[in-house]
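Only the coordinates and a few stated rules stand behind these numbers; no lab work does. Bear in mind the structure is a predicted one, so any value in this text is a computation, not a measurement. Every residue, glycine as well, gets a Cβ built from its backbone with ideal geometry; the counts of neighbours run over all protein chains shown.
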Amino acid sequence: MHWTELPPATLSVLRRGTVIPAHLLALDAKRQLDRRRQRALARYYLDAGSGGLAVGVHATQFAIRAVGFYEPVLELAMQTAREWVPLDGPRALVMIAGLAGDTAQARREAQVARGLGYHAGLLSLAAMKDAGEDELIAHCEAVAAEMPLVGFYLQPAVGGIELPARFWWRFAAIDNVVAIKMAPFNRYRTLDVIRGVVEAGAERRITLYTGNDDHIVLDLVTPFVVRRGGADVTVRIEGGLLGHWSVWTRRAVELLQRIHAAREHGHIDDALLALDSQVTDCNGALFDVAHNFNGCIAGCHEVLRRQGLFEGTWCLDPAEALSPGQAAELDRVHAAYPELNDDAFVSEHLSRWLA
């Protein structure tokens with residue numbers, strides 16, 4: 001599928017910028033897929049107003065592939081998205097599948113995702129650490145031949161590799177790239193992506209999404225200016241595809257709406273800018289920054305457990321769990337920023353989602 005063949009309404013949602021949660025994985029005490037709660041989680045995201053789902057990505061746990069959960073998890077999310085009527089009524093969604101592994105594996109996963117109806121693949125390059133730039137680009141081109149791609153700059157702390165501006169210039173030149181998620185958790189590397197896209201002349205074709213969970217608000221309010229051919233080119237990061245937005249999703253939707261409105265009216269005030277540090281403080285607890293992100297997935301699970309969406313915080317790897325003091329940090333940010341959680345929204349609709 002070429003990007004121009006995406007459903008027009010879906011392409012419009014992607015281009016405008018939306019909230020795309022990185023779909024978490026619901027497990028039972030035996031670390032088996034809890035289909036009821038997995039379905040409930042997708043329903044929550046849709047009722048919260050998200051513009052799509054990203055499934056099989058880092059937050060879903062890359063290990064789903066080793067235990068045979070990849071296709072069942074993708075299929076369940078797609079089935080739920082097709083059958084569930086959100087609170088605000090039917091709407092177009094952007095369904096994104098995580099793609100990983102070497103070229104053969106990533107192509108197989110793209111074929112599976114495309115067969116299930118996914119619109120694009122978020123391509124992780126973590127398995128290609130030893131590859132040179134030419135090999136990386138050839139890999140991306142091969143997978144892009146299977147389905148439209150969303151580029152993914154994953155931070156090195158959780159398995160990503162450093163990618164220079166030249167790589168992103170070459171990647172942006174691939175015809176079937178529709179978006180890029182920037183998640184290096186590094187301002188310099190984020191600018192490398194933006195510069196690469198502009199130098200490739202692809203800023204109108206490729207939509208930028210933040211994955212920098214440590215800098216969400218400023219990513220979304222900042223106009224990025226790049227000099228090309230003697231003229232300034234201004235680009236924006238339009239939406240977010242974020243692990244942080246896998247929880248408290250209703251508030252994330254409201255935040256993005258507020259940012260879009262403020263940008264449209266040219267009114268970025270101090271109150272909005274102040275949210276950047278508050279959201280980042282919350283992320284520090286969620287993602288377990290104190291322990292180098294060891295509890296980043298378990299922290300999100302813990303929020304959903306407290307809300308009743310998850311039964312426990314189990315991850316596929318028993319070693320992945322809350323770090324010492326992380327629960328107390330979650331208590332702290334929950335109390336400090338009550339306006340940033342959506343506990344009341346979840347409580348109101350939980351029984352409907354679990355039905």
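Each residue of segment 15-29 is assigned a 3J(HN,Hα), and the resulting list reads 5, 5, x, 8, 8, 10, x, 7, 5, 7, 10, 8, 10, 8, 5 Hz, derived from the Karplus form 6.51 cos²θ - 1.76 cosθ + 1.60 (θ = phi - 60°), x at Gly and Pro.
Converting phi to 3J(HN,Hα) with the Karplus coefficients 6.51, -1.76 and 1.60 and the offset θ = phi - 60°, segment 183-196 yields 9, x, 6, 7, 5, 4, 6, 4, 5, 4, 5, 4, 5, x Hz in sequence order, with x at every glycine or proline. Note: relative contact order over the chain, using C-alpha pairs below 8 Å and six or more positions apart, is 18 percent. Farthest toward the positive end of the dipole of the chain, out of P156, F224, Y337, is the Cα of F224, where the dipole comes from beta carbon charges about the Cα centre.
What residues have an amide H closer than 5 Å to that of L27, excluding those fewer than 5 places away on the same chain, when H is modeled at 1.01 Å from N in the peptide plane? Excluding prolines and chain starts, which carry no amide H, the hits are D34. Only helices enter this figure: runs of n ≥ 4 DSSP H residues, each worth -39500 (n - 2.57), summed and divided by the residues of the chain, yield -14000 deg cm²/dmol at 222 nm to the nearest 500. Modelled spin labels at A319 and R352, positioned 7 Å past Cα toward Cβ, are 4.3 nm from each other. For E135 and D232, the FRET efficiency from 1/(1 + (r/R0)^6), where r spans their Cβ atoms and R0 equals 41 Å, is about 0.75.
Sorted from longest to shortest, the spans of the Cα atoms of segment 242-355 along the three principal axes equal 48, 37, 23 Å.
Each Lys and Arg adds +1 at its Cβ and each Asp and Glu adds -1 at its Cβ; summed about the Cα centre, the chain shows a dipole of about 660 debye.
Mind jotting down the distance between the C-alpha centroids of segment 227-262 and segment 309-354, whole Å? Between the Cα centre of segment 309-354 and that of segment 227-262, the gap is 24 Å.
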